[in-house]
Amino acid sequence: MAALRATLHVATLAAGARRALLGREGSLAGNCLAYRRLWDKLHSGPRVGSVPTFDWFFGYEEAQGFLLPLLQEAQAAYPLRVLDVGCGTSSLCTGLYTKCPIPVDVLGVDFSPVAVAHMNSLLEGGQDQIPLYPGHPASQLQFIQADAQNLEPVAPSGSFQLVLDKGTWDAVARGGLPGAYQLLSECLRVLSPQGTLIQFSDEDPDVRLPCLEQGSQGWTVTVQELGPFRGIPYFAYLVQVSH
């Protein structure tokens, strides 16, 4: 069963998200999720109903119960710096910015210029949307086009207390594990000494944990089950400095 999930996990989305993807692309099975042109096409497509964001796996509403305690326990000066790699058009960044009672400085990066333009427009109140306002007066939000496998242009080493990866490893790994390990290396490079990297995925721990342990030697890797959301169990993989 684990081997079967290892093969299929990158195409296993929440039911509504899967239908949206299949409707736009015809099939994910014949496409490589590591290719930018696929995501440019996806993000250019019509949105489901009036929802301005698109979430792979789940969105901020499902993740907040897990994220807020981590933010509250963080040993760092406020606002906490949060990086979302491969943010796409997810509600994760916007939810943290508008609903988190703790001051956060959120940066969402994605290699799709279409996704970044959409999120910046949403932030500023374009597309007939109301501009986004912070949940705490000191909170900030920014979206920048960048390759998560090369964050040097936008993220100095040790600059973020929390790095989020919601399905980005899953997508990059479709292009080969070397790319996924480079993504992991960059996430760990920009993480502060007391920071935490969280990978959200539906991949089984017996598949993901060995990869993370191999790619993050000297760090501690733990896992916590989340959900199920819409009948699908998910996992949060936490990578932190070893003490």
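The values are calculated or read from the model by the stated rules, or taken from the named source; none is laboratory data. Fair warning: this is a prediction, and the values are worked out from it, not measured in the lab. We place every Cβ from the backbone using ideal geometry, glycine too, and count neighbours over all the protein chains shown. Accessible surface is based on the protein model in full, side chains and every heavy atom, while ligands, DNA and RNA are left aside. Shrake-Rupley method; radii C 1.70, N 1.55, O 1.52, S 1.80 Å.
Annotations for the structure displayed:
- Qualifying positions in the stretch 132-152 - of a type outside the set (G, A, S), open to solvent by less than 90 Å² (accessible area, probe 1.4 Å) and over 22 Å from S112 (Cα atoms): P134, H136
- Number of the condition not met by V239 [criteria: (1) within 27 Å of G158 (Cβ to Cβ); (2) without any contact (Cβ under 8 Å) to a residue 60 or more places away in the chain; (3) open to solvent by 20 Å² or more (accessible area, probe 1.4 Å)]: (3)
- Output for the stretch 59-78, where each listed residue is open to solvent by 40 Å² or more (accessible area, probe 1.4 Å), under 24 Å from V241 (Cβ atoms) and in contact (Cβ under 8 Å) with a residue 12 or more places away in the chain: L70, Q72, Q75, Y78
- Flag if L96 is part of a helix (DSSP H, G or I), touching a residue at least 24 places away in the same chain (Cβ under 8 Å) and crowded, with 17+ Cβ neighbours inside 10 Å: yes
- Selected residue (only one of D105, D110 is open to solvent by 30 Å² or more (accessible area, probe 1.4 Å), touching a residue at least 12 places away in the same chain (Cβ under 8 Å), under 17 Å from the mean Cα position of the chain (by Cα) and within 23 Å of A63 (Cα to Cα)): D105
- Tabulated pairs, the stretch 166-182, first under 23 Å from F66 (Cβ atoms) and in contact (Cβ under 8 Å) with a residue 24 or more places away in the chain, second of a type in the set (F, W, Y) and open to solvent by 60 Å² or more (accessible area, probe 1.4 Å), C-beta under 8 angstrom, 6+ apart or interchain: none
- Candidates G158, G227 - the one that is out of contact with any Lys or Arg (no Cβ under 7 Å at 6 or more places or on another chain), part of a loop (DSSP other than H, G, I, E, B) and open to solvent by 20 Å² or more (accessible area, probe 1.4 Å): G158
- Only one entry of W219, W169 meets the criterion of being more than 18 Å from the chain's Cα centre (by Cα) and of a type in the set (F, W, Y), and that entry is W219.
- Single condition D105 does not satisfy, out of (1) of a type outside the set (G, A, S); (2) outside any strand (DSSP E or B); (3) out of contact with any helix residue (DSSP H, G or I) (no Cβ under 8 Å at 6 or more places or on another chain): (2)
- Evaluation of G195 against the conditions (1) open to solvent by 20 Å² or more (accessible area, probe 1.4 Å); (2) closer than 21 Å to E73 by Cβ; (3) more than 15 Å from the chain's Cα centre (by Cα); (4) touching a residue at least 40 places away in the same chain (Cβ under 8 Å) shows that the sole unmet condition is (1).
- Evaluation of D202 against (1) farther than 23 Å from Q142 by Cα; (2) surrounded by fewer than 17 Cβ atoms within 10 Å (Cβ to Cβ) (one fails), failing number: (2)
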